[in-house]
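Below you'll find the structure, written out as structure tokens, and then a few comments.
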């Protein structure tokens, strides 16, 4: 039975149970992931995006607990699964690619061994066969298969990230969670990796949840994007729709942060310090709230230029305001 | 490889420093070292012993550096002089008899304590908040705070004297002949049991705590999360991913603690009158057998250096990063 | 700094440890005033504990309780002094090595490592055997053999602090290096220095007691170590006179554990991962679950 809807997150709530009380880091977030698409989750650090990814895999560490909602994957609620079922799911049906491949690989095992580990665990094959599969995987991501005997510290940053991707794809999962996969790399390598990811997706057809703080990157890679602020989803739309017509003040602020290479005011187009006045780089004043003591009502209101009375008291709901475009803002719902 | 060579050079340097210290210290005594030393014997030594003593220490009328060179020569050839209290036995021979027992007792006990403590530490870290994790640390901190030798006294008193479960001194029953027979082996085992248990009980706690803390730090690393995310079974992650990495700093601490561990076992030997290096040392001190004291100092120090080098080799074998000369 | 003290005040372990230490400090300070001359012969030798003599008598007929209390002062004074001296020297050498770096660091590190690797006991025995017996000798020997550990730890910290932003800023501004060390680096090492001091003291007390037990201290003085020396000399084990050595050893252990408790509390504060999360576990248990690998699902509302 094929599901067009691969992952549906409903009212997900994640809290840390600390000595000082519960701290909510993911606040009733809902979104859906359709088979084959690339959904981006954008947000600053602390917005809850990594937490969501780890929550899907139920790998958040103590004292985190999932205190509300459902996560439906291929029809089953992940929050109902027991340990054995979860373990069978991880790596095989849902895979994870973390940032900083420097720390994502075990320093004392060869990359071949680490690749083989996952294969052996999920598919009862011999070590020999698993090693062969490992070599094939390395080839797929563009690494010389003879490097199977190398240790992580012997590889460059870009190569390590490819290995992590290879590990994730080794068992042909249907969903791949990518958490800032290129953040720790330099720009040129970043490009290569992203191209690689897009190519692999076209070949293999898996679905990606792409998490990043870099909105410009997401605008290029993703089909749809969700914007997270302080644990809440404030806007969700198709990539183009978001880029051309951002509706939430936070999203607008984020988009205004990009310096354009093309200055529309200048006659010749290219800006490069010559014709026309330089565009103003506008940041968003203030800082994200402390999750232990969030502002009442809309979490963004202290930093919002368009804040009105109702923003300070009531949390805005996520509402569809245009085709495939949802926003949580009082100013747009009248 | 380069790493090991550098370490070897360091150990050779430290060995040289110890040998030189052994040369320098007697000569630092206030007054004329020779006269003071001989005065302590209240003239009880016969001329032969006196000559032997003088010879060992290189006391002569030659200039200091000459004495030093000849001293170095003696040490390099293994000639540590003649013992005063065991006259006319050579210091080297006396030490050799003690060495066997110390290696047996201390070697076995230290390894057992380390292995046991490490396993307990892994278990405690895995089940954070479990009973092992809550009771273990405070209990072991308390037990580890007792002086080694006091624990030895206590255990000896309880099990040796009061309950009579184990023998109370020496390495084996003197009535049994020292050959490879079952009764001899059994005698050796029962005599070594209590001293070994003392050493294990006194030290296992600190290994456990050490390993637990290292494991907890490592369990927070990204590659552990990734390992779980691959769907690997928890036990595989615990051993192959976490413990394997936690072993590295653990082995390093083991190396650094060797000197301390050896000192503790020596004290234990003294309490149990176990005829190893420790027992010899205290007898030498009591009878002011200076050549023996110096000889023991040298052998013990060099043994610790050697053991440290072995630990370094093990470390290189465990850490692929060290093999390439990086760290 | 005040934050650390504040957190310590709330830490169960630290409070227990400090309470025990406080008791012993009190004992050491005023105890001797109440017990008279500990070396006086007061009753039949080797009598077990009784109402007259709570802890019995030694092989020389001396009161064990009096000896234990009197011994506290000597042992603790030497122990804390040596610990302090070890850390002071270690801090001096370690900060210099860590901050100045390059050749100076290479040389100092070599010295530190050599002192570290040489086993303490044989060295202490050989030095003490040649020098006149007494507390000063022991103290000097302990400091000389023990400073290296603090030096190494402090050096590592100084090295990492040297490259931190605020220190970098001070260096670039041309501040006097000595001033930088005393005003920027050392204040950021307070918990490390405290931890090192405690560790050094634990080691010093243990080593001091061991050396005195071997007879290398002043056997006519009254301290915990010499008490044990005499107990062993008078064949405490053979005669079954457990009261001559059990109380002393217990005192040493209590002081050592108390110090270790405070130390582990400081450790926990510095490394939050080591802390156990009680609130989390309590809530899980209330819901009938136990902490495991996967993130638990707790749908019950708590308000």
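The values are calculated or read from the model by the stated rules, or taken from the named source; none is laboratory data. Quick caveat: nothing in here was measured; it's all calculated off a predicted structure. Cβ coordinates were reconstructed from backbone atoms using ideal geometry, including for glycine residues, and neighbour counts include every protein chain displayed.
Out of the residues in segment B:277-305 meeting the condition of being under 17 Å from the mean Cα position of the chain (by Cα) and away from chain C (no Cβ under 11 Å), tell me which one is surrounded by the fewest Cβ atoms within 10 Å (Cβ to Cβ).
B:279
Would you call residue B:255 surrounded by fewer than 24 Cβ atoms within 10 Å (Cβ to Cβ), at pLDDT 85 or above and within 30 Å of residue A:171 (Cβ to Cβ)?
Working: surrounded by fewer than 24 Cβ atoms within 10 Å (Cβ to Cβ): yes; at pLDDT 85 or above: yes; within 30 Å of residue A:171 (Cβ to Cβ): no.
Taking the combined requirement at face value, the residue does not satisfy it.
Which of (1) more than 9 Å from chain B (Cβ to nearest Cβ); (2) modelled with pLDDT of 80 or more; (3) over 30 Å from residue A:66 (Cα atoms) does residue C:235 not meet, given it meets every other one?
Condition (2) is where residue C:235 drops out.
Hey, could you check segment C:25-38 for residues that are under 19 Å from the mean Cα position of the chain (by Cα) and surrounded by fewer than 19 Cβ atoms within 10 Å (Cβ to Cβ) and say which is nearest to residue C:57 (Cα to Cα)? Talk me through it step by step, then tell me what you get.
If we filter segment C:25-38 for residues that are under 19 Å from the mean Cα position of the chain (by Cα), which is where we start, we get C:25-29.
Subsequent filtering for residues that are surrounded by fewer than 19 Cβ atoms within 10 Å (Cβ to Cβ) retains C:25-27, C:29.
Working: C:25: 24, C:26: 24, C:27: 20, C:29: 23 Å.
Only one residue fits best here, namely C:27.
Identify, from the list A:230, A:237, A:198, the residue that is closer than 29 Å to residue A:12 by Cα and surrounded by fewer than 21 Cβ atoms within 10 Å (Cβ to Cβ). Outline the logic, then answer.
Working: A:230 fails: surrounded by fewer than 21 Cβ atoms within 10 Å (Cβ to Cβ); A:237 fails: surrounded by fewer than 21 Cβ atoms within 10 Å (Cβ to Cβ).
Step by step, each of A:230, A:237, A:198 is checked, and only A:198 is closer than 29 Å to residue A:12 by Cα and surrounded by fewer than 21 Cβ atoms within 10 Å (Cβ to Cβ).
Which one of C:253, C:258, C:241 is within 18 Å of the chain's Cα centre (by Cα) and surrounded by 22 or more Cβ atoms within 10 Å (Cβ to Cβ)? Explain how you work it out, then say what you get.
Numbers: C:253 fails: surrounded by 22 or more Cβ atoms within 10 Å (Cβ to Cβ); C:241 fails: within 18 Å of the chain's Cα centre (by Cα).
Step by step, each of C:253, C:258, C:241 is checked, and only C:258 is within 18 Å of the chain's Cα centre (by Cα) and surrounded by 22 or more Cβ atoms within 10 Å (Cβ to Cβ).
Within segment B:228-243, identify whether any single residue is in a helix (DSSP H, G or I), in contact with a strand residue (DSSP E or B) (Cβ under 8 Å, 6 or more places away or on another chain) and within 11 Å of chain C (Cβ to nearest Cβ), and answer yes or no.
First, the residues of segment B:228-243 that are in a helix (DSSP H, G or I): B:228-229, B:234-243.
If we keep only those that are in contact with a strand residue (DSSP E or B) (Cβ under 8 Å, 6 or more places away or on another chain) as well, we get B:228-229.
Now narrow it down to the ones that are within 11 Å of chain C (Cβ to nearest Cβ): B:228.
Scanning segment B:228-243, I find at least one residue that is in a helix (DSSP H, G or I), in contact with a strand residue (DSSP E or B) (Cβ under 8 Å, 6 or more places away or on another chain) and within 11 Å of chain C (Cβ to nearest Cβ), so the answer is yes.
Please state which of the following conditions residue C:160 fails to meet, knowing it meets all the rest: (1) surrounded by fewer than 17 Cβ atoms within 10 Å (Cβ to Cβ); (2) part of a helix (DSSP H, G or I); (3) within 14 Å of chain B (Cβ to nearest Cβ).
Of everything listed in (1) surrounded by fewer than 17 Cβ atoms within 10 Å (Cβ to Cβ); (2) part of a helix (DSSP H, G or I); (3) within 14 Å of chain B (Cβ to nearest Cβ), residue C:160 misses just condition (3).
Name the single residue that is farthest from the other protein chains (Cβ to nearest Cβ) among those in segment C:121-140 being under 19 Å from residue B:14 (Cβ atoms) and buried (at least 23 other Cβ atoms within 10 Å of the Cβ). Explain how you work it out, then say what you get.
Taking segment C:121-140 as the starting set, the residues that turn out to be under 19 Å from residue B:14 (Cβ atoms) are C:121-127.
Within this subset, residues satisfying the condition of being buried (at least 23 other Cβ atoms within 10 Å of the Cβ) are C:121-126.
Numbers: C:121: 3, C:122: 4, C:123: 7, C:124: 9, C:125: 6, C:126: 5 Å.
For segment C:121-140, the residue satisfying everything is C:124.
Would you pick out the residues in segment A:49-69 that are in a helix (DSSP H, G or I) and either at positive phi or within 14 Å of chain C (Cβ to nearest Cβ) (or both)? Steps first, answer last, please.
At the first step, the residues of segment A:49-69 found to be in a helix (DSSP H, G or I) are A:49-56.
Passing the criteria: A:50, A:51, A:52, A:53, A:54, A:55, A:56.
Taking residue B:264, is it facing chain C (nearest Cβ under 10 Å), at pLDDT below 90 and within 27 Å of residue C:203 (Cα to Cα)? Explain how you work it out, then say what you get.
Values: facing chain C (nearest Cβ under 10 Å): yes; at pLDDT below 90: yes; within 27 Å of residue C:203 (Cα to Cα): yes.
Yes: the conditions hold for residue B:264.
From the list C:182, C:226, which residue is in a helix (DSSP H, G or I) and within 14 Å of chain B (Cβ to nearest Cβ)? Give the steps one after another, and end with the answer.
Working: C:182 fails: within 14 Å of chain B (Cβ to nearest Cβ).
Result of the check over C:182, C:226: C:226.
Is it fair to say residue B:201 is more than 13 Å from chain C (Cβ to nearest Cβ), within 30 Å of residue C:142 (Cα to Cα), touching a residue at least 24 places away in the same chain (Cβ under 8 Å) and surrounded by fewer than 24 Cβ atoms within 10 Å (Cβ to Cβ)? Talk me through it step by step, then tell me what you get.
Values: more than 13 Å from chain C (Cβ to nearest Cβ): no; within 30 Å of residue C:142 (Cα to Cα): yes; touching a residue at least 24 places away in the same chain (Cβ under 8 Å): yes; surrounded by fewer than 24 Cβ atoms within 10 Å (Cβ to Cβ): yes.
No: the conditions fail for residue B:201.
More than 8 Å from every other protein chain (Cβ to nearest Cβ), touching a residue at least 40 places away in the same chain (Cβ under 8 Å) and in contact with a helix residue (DSSP H, G or I) (Cβ under 9 Å, 6 or more places away or on another chain): does that describe residue C:264? Full working, then the answer.
Values: more than 8 Å from every other protein chain (Cβ to nearest Cβ): no; touching a residue at least 40 places away in the same chain (Cβ under 8 Å): yes; in contact with a helix residue (DSSP H, G or I) (Cβ under 9 Å, 6 or more places away or on another chain): yes.
When the stated conditions are applied, residue C:264 does not pass them.
Can you tell me which condition residue B:188 does not meet? The list is (1) over 30 Å from residue C:259 (Cβ atoms); (2) outside any loop (DSSP other than H, G, I, E, B); (3) within 14 Å of chain C (Cβ to nearest Cβ), and all the others hold.
That leaves (3) as the condition not met.
Can you name the condition, by its number, that residue C:152 falls short on among (1) within 11 Å of chain B (Cβ to nearest Cβ); (2) under 21 Å from residue B:300 (Cα atoms)?
(2)
Quick check on my filter: what residues within segment A:38-48 are surrounded by 24 or more Cβ atoms within 10 Å (Cβ to Cβ) and either assigned to a strand (DSSP E or B) or at pLDDT 90 or above (or both)?
A:40, A:41, A:42
Mind listing whichever residues of segment B:75-91 are surrounded by fewer than 16 Cβ atoms within 10 Å (Cβ to Cβ) and part of a helix (DSSP H, G or I)?
Within segment B:75-91, just B:76 meets the criteria.
Quickly run through segment A:86-105 and pick out the residues that are in a helix (DSSP H, G or I), in contact (Cβ under 8 Å) with a residue 12 or more places away in the chain, at the interface with another protein chain (Cβ under 7 Å from one of its Cβ atoms) and within 21 Å of residue B:219 (Cα to Cα).
A:86, A:104
Out of the residues in segment A:106-125 meeting the condition of being within 9 Å of another protein chain (Cβ to nearest Cβ) and not in a helix (DSSP H, G or I), tell me which one is surrounded by the most Cβ atoms within 10 Å (Cβ to Cβ). Can you show your working first?
Going through segment A:106-125, the residues within 9 Å of another protein chain (Cβ to nearest Cβ) turn out to be A:106-110, A:113-114, A:117-118, A:121-122.
From the residues that got through so far, the ones that are not in a helix (DSSP H, G or I) too are A:106-110.
Numbers: A:106: 24, A:107: 17, A:108: 20, A:109: 21, A:110: 19.
Only one residue fits best here, namely A:106.
Out of (1) in a helix (DSSP H, G or I); (2) within 7 Å of chain C (Cβ to nearest Cβ); (3) in contact (Cβ under 8 Å) with a residue 40 or more places away in the chain, what's the single condition that is false for residue B:128?
Only one criterion in (1) in a helix (DSSP H, G or I); (2) within 7 Å of chain C (Cβ to nearest Cβ); (3) in contact (Cβ under 8 Å) with a residue 40 or more places away in the chain is unmet by residue B:128, namely (1).
When residue B:62 is evaluated against the numbered criteria (1) modelled with pLDDT under 80; (2) within 11 Å of chain C (Cβ to nearest Cβ), which criterion, by number, is the only one it fails?
(2)
In this structure, is residue A:148 more than 13 Å from chain B (Cβ to nearest Cβ), modelled with pLDDT of 90 or more and out of contact with any strand residue (DSSP E or B) (no Cβ under 9 Å at 6 or more places or on another chain)? Walk me through it before giving the result.
On the way: more than 13 Å from chain B (Cβ to nearest Cβ): yes; modelled with pLDDT of 90 or more: yes; out of contact with any strand residue (DSSP E or B) (no Cβ under 9 Å at 6 or more places or on another chain): yes.
Yes.
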